[in-house]
1. Residues that are of a type outside the set (Ser, Thr, Tyr), at least 2 per element: which strands (runs of 3 or more DSSP E) completely within segment 1-115 meet that?
2. Contact list please: Cβ distance under 6 Å, first residue in segment 47-74 and in contact (Cβ under 8 Å) with a residue 12 or more places away in the chain, second residue assigned to a loop (DSSP other than H, G, I, E, B) and not hydrophobic (A, V, I, L, M, F, W, C), pairs at least six apart or on different chains.
3. Pick from segment 24-45 the residues that are surrounded by 12 or more Cβ atoms within 10 Å (Cβ to Cβ) and polar (S, T, N, Q): which of them is farthest from Gln118 (Cα to Cα)?
4. Could you tell me which residue of segment 78-99 is most open to solvent (accessible area, probe 1.4 Å), considering only residues that are within 21 Å of His1 (Cα to Cα) and not β-branched (Val, Ile, Thr)?
5. Being more than 18 Å from Gly116 (Cα to Cα) and either of a type in the set (Gly, Ala, Ser) or touching a helix residue (DSSP H, G or I) at 6+ places or on another chain (Cβ under 7 Å) (or both) narrows it down to one of Ser21, Ser70, Ser11, Ser82, so name that one.
6. Hey, among the residues in segment 106-122 that are buried (at least 17 other Cβ atoms within 10 Å of the Cβ) and among the hydroxyl-bearing types (Ser, Thr, Tyr), which one's modelled with the lowest pLDDT?
7. Which residues, taken from segment 46-64, are of a type outside the set (A, V, I, L, M, F, W, C) and either within 18 Å of Val121 (Cα to Cα) or surrounded by 15 or more Cβ atoms within 10 Å (Cβ to Cβ) (or both)?
8. Output yes when any residue across segment 54-62 is on the phi > 0 side of the Ramachandran plot and at pLDDT 95 or above, and no when none is.
Amino acid sequence: HVQLVESGGGSVQAGGSLRLSCAASGAIYTPYCMGWFRQAPGKEREGVAFILLGARTTYADSVKDRFTISKDKNTLYLQMNSLNPEDTAMYYCAADTYYRGVCSTDGRHYNFWGQGTQVTVS
């Protein structure tokens with residue numbers, strides 16, 4: 001059973017930075033896609049950033065040029081710079097073990113999820 005555990009969330013002032021980490025265990029193969037999603041109170045879940053085979057990355061327009069997704073063998077990262085209050089949300093990492101050629105931005109295609117880590121920007 002694949003387990004994903006996020007860490008690195010916290011409370012920061014606008015303009016600050018955070019780096020989120022997602023440690024993966026229990027997998028016998030590397031997922032084709034891993035991604036970060038976020039959900040704020042009263043809002044729908046949205047895809048933030050995605051990485052295909054640990055290399056090709058895509059980003060939501062709202063975070064382009066501010067966030068960077070990366071991955072090593074066991075850990076997924078999200079470097080978040082120039083944070084603003086609109087970035088406040090619970091952030092989740094997710095893995096898609098089905099090959100799709102390109103990472104899906106739809107959370108329904110991700111079959112493994114972490115418990116989430118809270119990011120608060122004031």
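The values are calculated or read from the model by the stated rules, or taken from the named source; none is laboratory data. Keep in mind it's a predicted model, so treat the numbers as computed, not measured. Ideal geometry is used to build each Cβ from the backbone, glycine not excepted, and the neighbour counts take in all protein chains shown. Surface accessibility is based on the protein's heavy atoms, side chains included, excluding ligands, DNA and RNA. Shrake-Rupley method; radii C 1.70, N 1.55, O 1.52, S 1.80 Å.
1. Fully inside segment 1-115 and qualifying: 3-7, 10-12, 18-25, 33-39, 46-52, 67-71, 75-80, 89-96.
2. From residues that are in contact (Cβ under 8 Å) with a residue 12 or more places away in the chain, the pairs are Gly47/Thr105; Arg66/Asn81; Arg66/Ser82; Lys71/Gly54.
3. Thr30
4. Tyr98
5. Testing whether each residue is more than 18 Å from Gly116 (Cα to Cα) and either of a type in the set (Gly, Ala, Ser) or touching a helix residue (DSSP H, G or I) at 6+ places or on another chain (Cβ under 7 Å) (or both) leaves just Ser82.
6. Only one residue tops the list, namely Tyr110.
7. Listed by number, the residues that qualify are Glu46, Gly47, Gly54, Thr57, Thr58, Tyr59, Ser62, Lys64.
8. No, segment 54-62 contains no residue that is on the phi > 0 side of the Ramachandran plot and at pLDDT 95 or above.
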